[in-house]
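The next block holds one structure in the form of structure tokens; read it before the comments.
The values are calculated or read from the model by the stated rules, or taken from the named source; none is laboratory data. Source: prediction; values computed, not measured. Heads up, the Cβs are rebuilt from the backbone with ideal geometry, glycines too, and the neighbour counts pull from every protein chain shown. These accessible areas exclude ligands, DNA and RNA; they are computed on the full protein's heavy atoms, side chains included. Shrake-Rupley method; radii C 1.70, N 1.55, O 1.52, S 1.80 Å.
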Amino acid sequence: MSTRKRQLAAIVFTDIVGYSAIMNADEEQARRIRDRHREVFQDCTEKHEGKILQYYGDGTLSIFQSSVEAVESCIEIQQALQEEPRIPLRIGIHTGDIILDNEEVYGDGVNVAARLESACLPGGILVSSKVHDDIKNHPDIQCKSLGKHHFKNISEPFELFAITNKGMAFPPRSEWDAAISKAKKVDSDAVKSGRIRRTNRMLVTSLAVVGAFSLLLSILYFSQEPPAGHRLQAQAKLVEQGVSIAVLPFANYSEEAENDYFSDGITEDLLTLLSKINGLNVISRTTMMGYKDTEKSVREIGEELHADYVLEGSVRRQGNKVRIVAQLINAQTDSHLWAQTYDREITEIFEVQSQVAMDIASALKMQLSSTQEMKSEKKGTASVEAYDLYLQGRKYYFEYTQKANEVAIQLFKSALTIDSLFAPAYAGLGDALAQKANRFGRDLVLLDSAMVVCDRAIALDPQLSEAYKAKGLVLHYQEKYDEAMDAYLQALKYNPSNGMATLNLASIYSIRGEMVNAIRWARKALQINPKDKWTQEGLAKMYATVGMHDDAIELLTDCIQLHPDFGAAHQLLFSIYLQLGNLEKAKQYARECGEHAPEANCETRLSVILELTKGNLRQARKLLEDAKVPELFNTQKDYETDWDALLAYAYTLRKLRAPNAYQYINSLRARLARLNLKKDNSEFYIMNCLIDAVEGKTESALNYLQQAAAYNWIDYSSAQANPFFSDLRTNPRFFEILQSVQTRVDRMRKEIELIDDGDGTNI
């Protein structure tokens, strides 16, 4: 006998993402997840007077008499399931006519609700325009339109809205668009008929509707691991490919171990000379120094670096004598092309370097132009002592610490005291002074001194790539970006393998928000420096900015495997996973940053950001005070400012209504004013936006954000995830600004992806 009944209801579909995969891997874990999901769902549904029509393993179908009650119930469910152990749930809600008939539930309302659930992202709630009409005047429920969409077997397109209350997944619009697009392509006979059996047939139907899409999202949600390294090699093909050579750091066979700097200097000079051979791609110094004292075979090194040839050798220095042994090896066959021993007076070291470069050119049947031959034979200095001091200075400079930088400055000055015409020493001094001025002291007046020595280096040697690179760095720090770019391009004219000039050029494009060109040059830098941690981190940051998260994660994962103590890579991975809403992964990289890179002092700061994201203000305050962050307001120098930590403390106090909160906020304003940031770029406006947001001055913060966007600020993903912007998220204007920025970024990403689909030669 039929018990057919028609009624109007708010229909809720839910689905646990990746449940089948969990079941296959661990049935007991799947059972615990299912039981917890059902317990939470039943409590919240009963509280809001809903009726559960069906449990089906990893999901539910329920109805409510009120759309408001349905949405409020689902918000509570999602918030509860964010607590450990987290359960990635998708929810779709629609108001419509349904028919209950014995063991079946059907009607257009069921069809639409199923479509909404299949298009939702893990941790989110999607509702139809009908539901939105019912909830739009309820201030406790926030939502954002995702536009109108036309789904299969539904006659008219309908508008989708994502609930944006605290605890709801709301990643960038592009991710919603991708999820919705995938859901549109899924079809099933059950949905075509608009009919679902209230028995096991319902399970089959739901899995048919969302199965493939659910599996994809489960992989993203639980692991957030990138696809295999299929992109990295293709992305490295940025210019027309010639022959590639890797120069292993020459071994130091001298009796004094401290002569390492001398053998390293020989290696670096050879790299510079080899880069002048037409058609020869030379992998740069910073990557190759990672292979010092390696036990890997030549063939393994060739495979890792995509190098055709490997040059290896040794240096033995004794008194005024030096012996250099070099051999060139085919990396594919492990066969030796030639080997040579050079016994010379130390004063002939430059002639030896030039001879080795030309011998390689001959062995590879390449030719040097007359200009390159002249350059290769040019001496840097006739003084062995000056050359020694210069090489030691370069060694300390590349350590990139304040103490080592001071030593490098003194060594370069000492070299110039001995030989005042030694151009490379002037270039090295220009580099070191620029770093001291910007990175280790914010003494911008010192940049004028750096410019003087750079110009002196160029006057002495107009074809010295390092001099132009150093000058570019000075101009870069002076924010004279056009002139800096000209200097970097000049550096690359005289040494196409100058990886630092290439990466710095990419950095300027990134500052200007021109991400297509930024990524173009950063990829070229990666080709020159395939295992350099700063190059990998720099390119990954650019990928993350344009929403290419898989590419960024892939690159950073590779970076950490080689450089586990590189704090910047751990911090960037934390930020990416925070933006993706994967708080477990973010927590993992905060912890790993503390374990592997304790000198970066990042674990507490990242943990605080995580607690603030979860709304745990008191726990955040305890972490900050245990780490003595309040003391930094008085002891930290302006150029050393850990802005995240100080902002977090001021924000936490203000949210907890502490009376001294505004004292700390005013301290931040004074500190920012002392930095004298220029007003013609986004940094000034973003910093002021952050401080206003921390203080709760929403309109002023939004004004600054709008101005930052006008000055090419494009990092909207980080703004969406930044807990300091919690008050801004209640203002529709915040999302309007981010949407306009995202539109610009999406266009750039599409261009980058289209170029990446080709062979890479046109980028």
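Taking Arg512 as the residue in question, decide whether it is open to solvent by 20 Å² or more (accessible area, probe 1.4 Å), touching a helix residue (DSSP H, G or I) at 6+ places or on another chain (Cβ under 8 Å) and among the charged types (D, E, K, R).
The answer is yes for Arg512.
Taking region 311-330 only, how many residues are within 17 Å of Gln355 (Cα to Cα) and surrounded by 17 or more Cβ atoms within 10 Å (Cβ to Cβ)?
Residues flagged as within 17 Å of Gln355 (Cα to Cα) and surrounded by 17 or more Cβ atoms within 10 Å (Cβ to Cβ) within region 311-330 amount to 10.
Can you tell me which residues in region 251-290 are part of a helix (DSSP H, G or I), over 18 Å from Ala491 (Cα atoms), among the hydroxyl-bearing types (Ser, Thr, Tyr) and at pLDDT 70 or above?
Ser263, Thr267, Thr287 - these are the residues of region 251-290 that are part of a helix (DSSP H, G or I), over 18 Å from Ala491 (Cα atoms), among the hydroxyl-bearing types (Ser, Thr, Tyr) and at pLDDT 70 or above.
From Phe412, Phe398, Phe422, Phe440, which residue is within 16 Å of Met500 (Cα to Cα) and aromatic (Phe, Trp, Tyr)? Give the steps one after another, and end with the answer.
Numbers: Phe412 fails: within 16 Å of Met500 (Cα to Cα); Phe422 fails: within 16 Å of Met500 (Cα to Cα); Phe440 fails: within 16 Å of Met500 (Cα to Cα).
Residue meeting the stated conditions: Phe398.
For Arg654, state whether it is farther than 25 Å from Gly615 by Cβ, open to solvent by 20 Å² or more (accessible area, probe 1.4 Å) and at pLDDT 90 or above.
Taking the combined requirement at face value, the residue does not satisfy it.
Mind listing just one residue for me: the one in region 407-448 that is acidic (Asp, Glu) and farther than 15 Å from Leu391 by Cβ and, of those, farthest from the chain's Cα centre (by Cα)? Working first, answer last.
Going through region 407-448, the residues acidic (Asp, Glu) turn out to be 419, 431, 443, 448.
Imposing the further condition that a residue be farther than 15 Å from Leu391 by Cβ reduces the set to 443, 448.
On the way: Asp443: 29, Asp448: 33 Å.
Filtering region 407-448 for residues that are acidic (Asp, Glu) and farther than 15 Å from Leu391 by Cβ, the one farthest from the chain's Cα centre (by Cα) comes out as Asp448.
Within region 602-616, track down each residue that is open to solvent by less than 40 Å² (accessible area, probe 1.4 Å), in contact (Cβ under 8 Å) with a residue 24 or more places away in the chain and part of a helix (DSSP H, G or I).
Within region 602-616, Arg605, Leu606, Val608, Ile609, Leu610, Leu612 meet the criteria.
Could you tell me which of the residues Gln571, Gln561 is over 25 Å from Tyr468 (Cβ atoms), assigned to a helix (DSSP H, G or I) and at pLDDT below 90?
The unique qualifying residue is Gln561.
Can you find a residue in region 85-102 that is more than 30 Å from the chain's Cα centre (by Cα) and charged (D, E, K, R)?
Within region 85-102, one or more residues are more than 30 Å from the chain's Cα centre (by Cα) and charged (D, E, K, R).
Only residues in region 716-733 that are farther than 16 Å from Lys541 by Cα count as the first member; pair them with residues that are of a type in the set (Gly, Ala, Ser) and surrounded by fewer than 23 Cβ atoms within 10 Å (Cβ to Cβ), Cβ under 8 angstrom, at least 6 apart or cross-chain, and list the lot.
Taking only residues 6 or more apart or on different chains, the pairs are Asp727/Gly696.
Do we find that Phe734 is in contact with a Leu (Cβ under 6 Å, 6 or more places away or on another chain), surrounded by 14 or more Cβ atoms within 10 Å (Cβ to Cβ) and under 28 Å from Ala586 (Cβ atoms) in this structure? Break it down stepwise before answering.
Values: in contact with a Leu (Cβ under 6 Å, 6 or more places away or on another chain): yes; surrounded by 14 or more Cβ atoms within 10 Å (Cβ to Cβ): yes; under 28 Å from Ala586 (Cβ atoms): yes.
Considered against the rule, which asks whether it is in contact with a Leu (Cβ under 6 Å, 6 or more places away or on another chain), surrounded by 14 or more Cβ atoms within 10 Å (Cβ to Cβ) and under 28 Å from Ala586 (Cβ atoms), Phe734 comes out as yes.
Quick one: in region 578-601, which of the residues that are not in a helix (DSSP H, G or I) and not small (Gly, Ala, Ser) is farthest from Ser726 (Cα to Cα)? Write out each step before concluding.
Within region 578-601, the subset not in a helix (DSSP H, G or I) is 581-582, 597, 601.
Subsequent filtering for residues that are not small (Gly, Ala, Ser) retains 582, 601.
Numbers: Asn582: 18, Asn601: 25 Å.
Only one residue fits best here, namely Asn601.
In region 405-427, which residues are open to solvent by less than 10 Å² (accessible area, probe 1.4 Å) and closer than 17 Å to Ala470 by Cα?
Scanning region 405-427 gives Asn405, Ala408, Ile409, Phe412, Phe422, Ala423, Ala425, Ala427.
Of everything in region 662-685, what is open to solvent by less than 30 Å² (accessible area, probe 1.4 Å), assigned to a helix (DSSP H, G or I) and either touching a residue at least 24 places away in the same chain (Cβ under 8 Å) or touching a strand residue (DSSP E or B) at 6+ places or on another chain (Cβ under 9 Å) (or both)? Give them in sequence order.
Taking region 662-685 as the starting set, the residues that turn out to be open to solvent by less than 30 Å² (accessible area, probe 1.4 Å) are 665, 668, 671-672, 675, 677, 681-682, 685.
Filter once more, keeping what is assigned to a helix (DSSP H, G or I): 665, 668, 671-672, 682, 685.
Matches in region 662-685: Ile665, Leu668, Arg671, Ser682, Tyr685.
Name every residue in region 446-461 that is free of Cβ contacts under 8 Å to residues at least 24 places away in the same chain and either small (Gly, Ala, Ser) or farther than 20 Å from Leu416 by Cβ (or both), in order of residue number.
Across region 446-461, the qualifying residues are Ser449, Ala459.
Among the residues in region 443-451, are any open to solvent by 30 Å² or more (accessible area, probe 1.4 Å), of a type in the set (A, V, I, L, M) and closer than 24 Å to Thr381 by Cα?
yes
One line per residue, one yes/no per condition, for (1) outside any helix (DSSP H, G or I); (2) without any contact (Cβ under 8 Å) to a residue 24 or more places away in the chain; (3) at negative phi; (4) among the hydroxyl-bearing types (Ser, Thr, Tyr):
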{"residue": "Ile409", "(1), (2), (3), (4)": "no, no, yes, no"}
{"residue": "Leu421", "(1), (2), (3), (4)": "yes, no, yes, no"}
{"residue": "Ala432", "(1), (2), (3), (4)": "no, no, yes, no"}
{"residue": "Phe440", "(1), (2), (3), (4)": "yes, no, yes, no"}
{"residue": "Leu444", "(1), (2), (3), (4)": "yes, no, yes, no"}
{"residue": "Gln463", "(1), (2), (3), (4)": "yes, no, yes, no"}
{"residue": "Glu479", "(1), (2), (3), (4)": "yes, no, no, no"}
{"residue": "Leu492", "(1), (2), (3), (4)": "no, no, yes, no"}
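Can you tell me which residue among Ala491, Ala484 is surrounded by fewer than 24 Cβ atoms within 10 Å (Cβ to Cβ), among the small types (Gly, Ala, Ser), in contact with a Gly (Cβ under 8 Å, 6 or more places away or on another chain) and modelled with pLDDT of 90 or more?
Within the list Ala491, Ala484, the selection yields Ala484.
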